């Protein structure tokens, strides 16, 4: 962890996006008081992380990536125990557990052992554990990793529900679509550093224009490059190693017909043509020089 | 107050999980009973004891200390499973007392050890063992202190090594010389001088001597208070050290 400088507003879903090993979990664990930072400072929900970690613990919830439930316990037992670990009385803890089970649609399985749950059910129990004491902010480490698409969509809804309850949600993810669809703001992390920060739309806007991918045989690529290099609407041109060109243009939809015409004119045969709207992956690519999918 | 409540909370949970899996009672009692039935009969002639009961008075306390040592030392395995499940991490983000996380678990180990000890004592009664109840309770206190220490140390080591593969050989390596040098299976009365010299440095040897004195009804013996003091100090140190691991450990 080197340069991480962040501000997260109350009531937003903030996402940490980055490849595995970028330092997302480490950052989260530091903010959740599990690792002592050796420098820097942080104020979490108004409490100072270094001076008063005990107060931070009271104000935050944390849902680790690898699970946090015990096979032989039931969801209800786990919830009651967890609430009580926050100093909540027994009767209140039981009420809260019942309410959480209801909210996460777990009542039906509440008294079965955790080992009998599906991945999605278990993850919901874990999120319920993280918010049983009504924290101001909850940290979710890769909340959807390992879930099937349906459970994933379900989990997104749950996370949005937390936000509408007024909670600040801090998640880590290595899924681009998740960061894009779910988060109000994101920070892109690589090698322990934040390389970009903003709303998904802002970040994508930084990558001006669209990309047109032209599929060509390796042999035809240099000729095509020559033919298109001078065209006014092409801001930048790159050759693809396996053959083909990547054209950076302002407006992909109008550029495509011109590209087709130009290549046709030059007597070059093209295999395919694709239009790419900028994605967060492109943001990552421009900031780090490699693709998030590859790393 | 908060600390006592937190400890009780963890203890309750651990006991609840323990009772849910009653196999431990069988496992925990089966081995010592085997010793009692299959090994102890050799002792009367071997120890030159006048009666079978006299042999049991020497053997049973040793067996109980053995149980306390081994029962405690291998508790770390359960903790590694909890670490892997994320249960410890989840506990550590709450404001619960770190000492309570340890003590709640160690107290469960102490209680289960004492239950085992009671069962074995009752069985030994069938073999004509007779002990005064006051002495017996003090002996149980000694056992409880030993179990508290060994289980705390085991938890501390488990938090450090984080893997069963490392914990098993480590604990075996520690336990074996401790066992041989404590005169548990055979009293060190017949040991050559150098061996006794080493055994004097083994705290468990003092604990075994103290427990034997109690079983012999020799409450006034120096060995009793010496054994109790040594185990109490070691238990306190063990708990202190392990609680620090709970406060610090990463993952």
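Structural remarks
- Any helices (runs of 4 or more DSSP H) falling wholly within segment B:187-251 and containing at least 3 residues that are farther than 23 Å from residue B:155 by Cα, free of Cβ contacts under 8 Å to residues at least 24 places away in the same chain and more than 21 Å from the chain's Cα centre (by Cα): B:193-199
- Number of residues in segment A:125-175 that are part of a helix (DSSP H, G or I) and out of contact with any helix residue (DSSP H, G or I) (no Cβ under 7 Å at 6 or more places or on another chain): the value is 11.
- Just one of the numbered conditions (1) within 30 Å of residue A:130 (Cα to Cα); (2) without any contact (Cβ under 8 Å) to a residue 40 or more places away in the chain; (3) surrounded by fewer than 22 Cβ atoms within 10 Å (Cβ to Cβ) is not true of residue B:99: (2).
- Here residue B:178 clears all of (1) more than 14 Å from chain A (Cβ to nearest Cβ); (2) part of a helix (DSSP H, G or I); (3) touching a residue at least 24 places away in the same chain (Cβ under 8 Å); (4) buried (at least 20 other Cβ atoms within 10 Å of the Cβ) except the condition numbered (4).
- You will find that of B:53, B:46, B:40, the residue that is over 16 Å from the mean Cα position of the chain (by Cα), buried (at least 16 other Cβ atoms within 10 Å of the Cβ) and either at negative phi or within 14 Å of another protein chain (Cβ to nearest Cβ) (or both) is B:40 and no other.
- Residue in segment A:53-74 that is buried (at least 19 other Cβ atoms within 10 Å of the Cβ), modelled with pLDDT of 90 or more, outside any strand (DSSP E or B) and over 24 Å from the mean Cα position of the chain (by Cα) present: yes
- Put simply, of B:90, B:13, B:5 the only residue that is within 14 Å of chain A (Cβ to nearest Cβ), over 21 Å from residue B:208 (Cβ atoms) and surrounded by fewer than 16 Cβ atoms within 10 Å (Cβ to Cβ) is B:5.
- Within segment A:19-40, the set of residues being within 14 Å of chain B (Cβ to nearest Cβ), surrounded by 19 or more Cβ atoms within 10 Å (Cβ to Cβ) and in a loop (DSSP other than H, G, I, E, B) comprises A:32, A:33, A:34.
- Which listed residue is in a helix (DSSP H, G or I), in contact (Cβ under 8 Å) with a residue 24 or more places away in the chain and within 14 Å of chain A (Cβ to nearest Cβ), from B:105, B:84: B:105
- Failed condition for residue A:88, given (1) without any contact (Cβ under 8 Å) to a residue 24 or more places away in the chain; (2) within 13 Å of another protein chain (Cβ to nearest Cβ): (1)
- Of everything listed in (1) in contact with a strand residue (DSSP E or B) (Cβ under 7 Å, 6 or more places away or on another chain); (2) modelled with pLDDT of 95 or more, the single unmet condition for residue A:171 is (2).
- Yes/no for residue A:34 being closer than 23 Å to residue A:127 by Cα, in the same structural domain as residue A:82 (by TED's automatic domain parsing) and out of contact with any strand residue (DSSP E or B) (no Cβ under 7 Å at 6 or more places or on another chain): yes
- Qualifying residues in segment A:91-113 (those that are surrounded by 14 or more Cβ atoms within 10 Å (Cβ to Cβ) and touching a strand residue (DSSP E or B) at 6+ places or on another chain (Cβ under 7 Å)) - the one nearest to the other protein chains (Cβ to nearest Cβ): A:113
- Filtered by the rule that a residue be in a loop (DSSP other than H, G, I, E, B) and touching a helix residue (DSSP H, G or I) at 6+ places or on another chain (Cβ under 8 Å), segment A:41-50 gives A:42, A:45, A:46, A:49.
- Qualifying residue in segment A:41-50 (condition: more than 12 Å from chain B (Cβ to nearest Cβ), buried (at least 16 other Cβ atoms within 10 Å of the Cβ), touching a residue at least 60 places away in the same chain (Cβ under 8 Å) and at positive phi): no
The values are calculated or read from the model by the stated rules, or taken from the named source; none is laboratory data. As the structure is a prediction and not an experimental result, all values here were calculated from the model. Using ideal geometry, Cβ is built from the backbone for each residue, glycine included, and neighbour counts are taken over all protein chains shown.
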